[in-house]
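Reviewing the structure listed below.
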Amino acid sequence: MDVARSADTASDADEAFDAIVVGGGLIGLAAAWRAAERGVRVAVADPDPGSGASRVAAGMLAPVTEAHYGEEPLLRLGLESARRYPGFIADLERAAGIPAGYRACGTLAVAFDRDDLAALDELAAYHRRLGLESARLTGRECRELEPLLTPAVGGGLLVAGDHQVDNRMLTAALLKALSNAGVPLYRDRVVGITVEGGRVAGARLGAGRALRAGLVVLAAGCHGGDIAGLPPGAVPAVRPVKGQILRLTVPAAQAPFLSRIVRGTVRGRPVYLVPRDHGELVVGATAEELGFDTQVTAGGVYGLLRDAHHLVPGVGELPLAQASAGLRPASADNAPLLGPVGPDGPRGLILATGHYRNGVLLTPVTADVIAELLATGNLPPIAHGFRPTRFDRAPRATAAAAGVGPDRTASR
Ligand SMILES: Cc1cc2nc3c(=O)[nH]c(=O)nc-3n(C[C@H](O)[C@H](O)[C@H](O)COP(=O)(O)OP(=O)(O)OC[C@H]3O[C@@H](n4cnc5c(N)ncnc54)[C@H](O)[C@@H]3O)c2cc1C
C-alpha cells in the first residue's frame, strides 16, 4: 500500500489515532515504525519526509570517536544505541524488504603534528579510563590499513566498533516499513497542536485538515518551535547548527578507495571521510552557528576538500557528486530531549528531538524509548537522564541561551 495515498484517501473516521508523529526524519519515522510494531495506531505528518538533517548526515555511528569530556551520559546512550543497531537493522530489513545500508567497518582517527598526536594520546587515555575499545597505531600501521593516507600521517587510533549506516537508505527502508505496516503518512506541514483541557487533542495540518490523537510526538528536528498552539516556554529550545557536507564518487576502478571511516584534524579543523559500499565517499562537515541558513558556500566546499585532500590526497581526482547543507537540532547540553514536556506544556505532548550531531546513531534507542512510552505510558530508565524537564531547575533554555557559542568540537 502506498502510504501517502492511504492518507490522502482516508475518510474522516480514519483520522483519529492513538498518536501523531510530527516530523518524518529518521527520528520520527523510526519511532512511528517501532510504535506501530507495538500495536499503537500511529500516523506521521511531514511535507517532505527525510528531507532534513537526516538526508544530509554522514551516517557515522560513532559513540567512541565522538566522545567528549563531560558528555558521559550521552556516550552511554550512544553506546547502547550502537549495540542495538544490528538488531534494529535486521528487523527493519525484514519489515521493509530492502537493504537499510548498515556497514560494520570501524573508524581510524589519524593525527599529523606533535599537538595532534598529543591530543590523540589524551583521547586514548580517556577511552581507557572509560573502558572503551580503541588501539593506538603508528603512522606506518595506519598506512598499512589505509594505503591512500598521506605519508605525513604521524599516528592514529583504531576504533573497531564505530561503524556507519547510509542514512538515505535507512530513511527509504523506514518509509517502506511504515508503508508495509499501513501507517498513514500525511505529506503536509503541521501548523498547530490542538489542546483541550490541558491535554493534547491532535494536530492541524496546513491544508486545514485536523487529526485527532491523545498523544503527539514532536520530532520535527530544529523546527519544533515553529508549531502554534503550545504555551510559550513549554518546549525547550532546540537551535540549528549548520553543517555543510560533500558526496564524491569513487569510480569502480579505484575501489576500494578507503576500507573504513577515516577522520582527522587539520590545523584544528575536524574532517572525516566515510566510504559507502556502493562507491559514494562522504566528506564532512562544517559546524556553523548561522540560524536557519542552509546555503552551500564556496568557502565551505573549499575548506572540506582542502582538509580531506590533506588526509587522503587522491580525493582530488574523484568526481564531486553533491554538496549540501543541513541543520543539526541542538539542545542546550547537546543531548536529546526524550519524553513528556514539563508542567508548562499540555499532557500527552512528547518530545523526540535535540539529537544534534548524533541523531543517526541514536535512532534505534530513541525509537525504542518513544515506542515504549506510546505503548505503555512508561519512559524506559535509559531515557530518564534525557527528559525535557532536566532544564527546569536551570533558567529555561531560550534560543539565545541555548546558543552557547560556536561549538568547534562538532564535526558532524
Ligand atoms: C552535515 C551533518 C552531518 C551529520 N552527520 C551525522 C553522523 O555522521 N552521525 C549522526 O549520528 N548524526 C549526524 N548528523 C546529525 C543527524 O543528521 C541529526 O541529528 C538527525 O538527522 C536528526 O533527525 P530528526 O529526525 O530529529 O530531524 P530531521 O532529519 O531534521 O527531520 C525533521 C523533519 O521534520 C519535518 N518537519 C519540520 N517542520 C515540520 C512541521 N511543522 N510539520 C511536519 N513536519 C515538519 C521536516 O520536513 C523533516 O523531515 C549530521 C547532521 C548534519 C547536518
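Each of the peptides 228-236, 43-51 was scored by the mean count of other Cβ atoms within 10 Å over its residues; in descending order, highest first, they stand as 43-51, 228-236.
Taking every Cα-Cα distance in segment 262-359 and sorting them into 10 Å bins starting at zero, the pair-distance distribution P(r) comes out as 13, 35, 29, 14, 8, 1 percent.
If you put +1 on each Lys and Arg Cβ and -1 on each Asp and Glu Cβ, how big is the dipole of the chain around its Cα centre, in Debye rounded to 20?
Details: 42 positive and 42 negative charges, 41 e Å.
The dipole magnitude comes to about 200 debye.
Assigning unit charges at the beta carbon (Lys, Arg +1; Asp, Glu -1) and nothing else, what dipole magnitude in debye, to the nearest 20, does segment 179-270 show about its Cα centre? About 420 debye.
The packing ranking, built from the mean of other Cβ atoms within 10 Å per residue, places the peptides 212-224, 194-206, 148-160, 286-298 in the order 212-224, 148-160, 194-206, 286-298, highest first. Here is how the number arises for the chain: DSSP H runs of 4 or more residues each give -39500 (n - 2.57), the sum is divided by the residue count, and the result at 222 nm is -8500 deg cm²/dmol. Near the amide H of Gly154, within less than 5 Å, lie the amide hydrogens of Ala111, Phe112, all on another chain or at least 5 residues away, with H placed in the peptide plane.
For the chain, state the average projected area of the convex hull of the C-alpha atoms over all orientations, rounded to one decimal in nm². Let's see the in-between values first.
Details: hull surface 77.4 nm².
Here the figure is 19.3 nm², rounded to one decimal.
Highest mean packing first, where packing is the average number of other Cβ atoms within 10 Å per residue, the peptides 26-37, 304-315, 127-138 line up as 26-37, 304-315, 127-138.
Read the figures in this text as sums done on the coordinates, not as results from a lab. If you're wondering where the values come from, they're calculated on a predicted model, not measured in any experiment. Cβ: placed from backbone, ideal geometry, glycine included. Neighbour counts: every protein chain shown.
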